[in-house]
1. Cβ-Cβ below 8 Å, separation at least six or inter-chain, first residue in segment 136-152 and assigned by TED's automatic domain parsing to the domain that holds VAL116 and at pLDDT 95 or above, second of a type in the set (Phe, Trp, Tyr) and surrounded by fewer than 17 Cβ atoms within 10 Å (Cβ to Cβ): which pairs?
2. For PHE141, indicate whether it is closer than 24 Å to TYR211 by Cα and either within 19 Å of the chain's Cα centre (by Cα) or of a type in the set (Val, Ile, Thr) (or both).
3. What residue, among those in segment 198-208 that are surrounded by 19 or more Cβ atoms within 10 Å (Cβ to Cβ) and charged (D, E, K, R), is nearest to the chain's Cα centre (by Cα)?
4. Here are some residues: VAL68, VAL74, VAL116. Which one is in a strand (DSSP E or B), on the phi < 0 side of the Ramachandran plot and within 23 Å of the chain's Cα centre (by Cα)?
5. Starting from residues that are polar (S, T, N, Q) and in contact (Cβ under 8 Å) with a residue 60 or more places away in the chain, keep the ones in segment 163-197 and report whichever is surrounded by the fewest Cβ atoms within 10 Å (Cβ to Cβ).
6. If we scan segment 222-235, do we find a residue that is closer than 26 Å to ALA157 by Cα, outside any helix (DSSP H, G or I) and modelled with pLDDT of 95 or more?
Amino acid sequence: MKKQFINQINAGDVLSDCYVLAEKTMAQKKDGNNYLNLVLSDRTGNIKGVVWDNVEKIASQTKTGAVVKIRGHVGQYRNNLQVVIKEMTMVPLEETDPSDFMLSTERDVHKMFERVVALSESLDAWYLKSLFRAFWEDVSFTAQFKKAPAAKKMHHAYIGGLLEHTLSMAVLADKIAGHYNGIDRDLLVSGALLHDIGKTREFSYDMGIDYSDEGRLVNHIVIGLQMIEEKMRTIANFPEEQALLLKHMVISHHGSRELGSPEPPKTMEAVILNCIDEMDSRVQAIREFMGKEDPGETWTSFHRLLGRHFYRGKPAS
């Protein structure tokens, strides 16, 4: 049983506890000897660590993504906490509690999935309904879809995050489709529901979030496209043009080649989907950032990726 979570660690603490080995990098000191840079994680956050002694032995007996028991002391390096680790050993999975190491959505997964299914059933096109039924009847896929995160770090980076992000986008898509004239609601809602399904396989998420081998080599857009094409082949007479338009929604949802899409959005529905994805991920990322900040401060600390402070409002007196 865990005794000390990362958000409870202070400089000067002596640690003897279990954490996920999120990152492990071999480096060299000026004298040519090796050392290890590490990142340890649990459900409350991350902390950096370093191994100076018995480096080769510790490196060979541990692997990234596993739960490890460490013994060490906490100091500060460049104004950040750092654990100097003396011992580190692997912990069998059966001796761990996943809830100690993985954040999960605070929303009801069953109810979210029911709403996703209901949105897919509200579509008019028979072939799209058939496509989604093929996904929902795939027990292995639905289990992954309910569990997968939507990202490693930036937004919805927790168990159930993909389902939460997908539902939020599909609800927005449904509302926006009725706001503008000439928008194909079926296509826009379907794109929102399917745009990130490749993340069910892009990430590994048993004891921490990291990229799978498939995710690193292929990425979620290509994986998602393959998954959609596989299900489409089970549906007789799926309209060719509609198949192309739906696949375009998936490959273009990042908005540009520079951001990872093979093609930029070239239909109104694809343009809207990219905007919805950007809005939902950005809003959630800022909310998560604010949630980690001191509630007594008017402004947040500087968000390096977004390049600004955020105004929280003056605290209640």
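1. Short answer, once both residue conditions are applied: THR142/TRP136.
2. Judged against the criteria, PHE141 is a match.
3. It comes out as LYS199.
4. That would be VAL68, the only listed residue that is in a strand (DSSP E or B), on the phi < 0 side of the Ramachandran plot and within 23 Å of the chain's Cα centre (by Cα).
5. Among those that are polar (S, T, N, Q) and in contact (Cβ under 8 Å) with a residue 60 or more places away in the chain, it is SER168.
6. no
The values are calculated or read from the model by the stated rules, or taken from the named source; none is laboratory data. These figures come from a predicted structure and were not determined experimentally. Cβ coordinates were reconstructed from backbone atoms using ideal geometry, including for glycine residues, and neighbour counts include every protein chain displayed.
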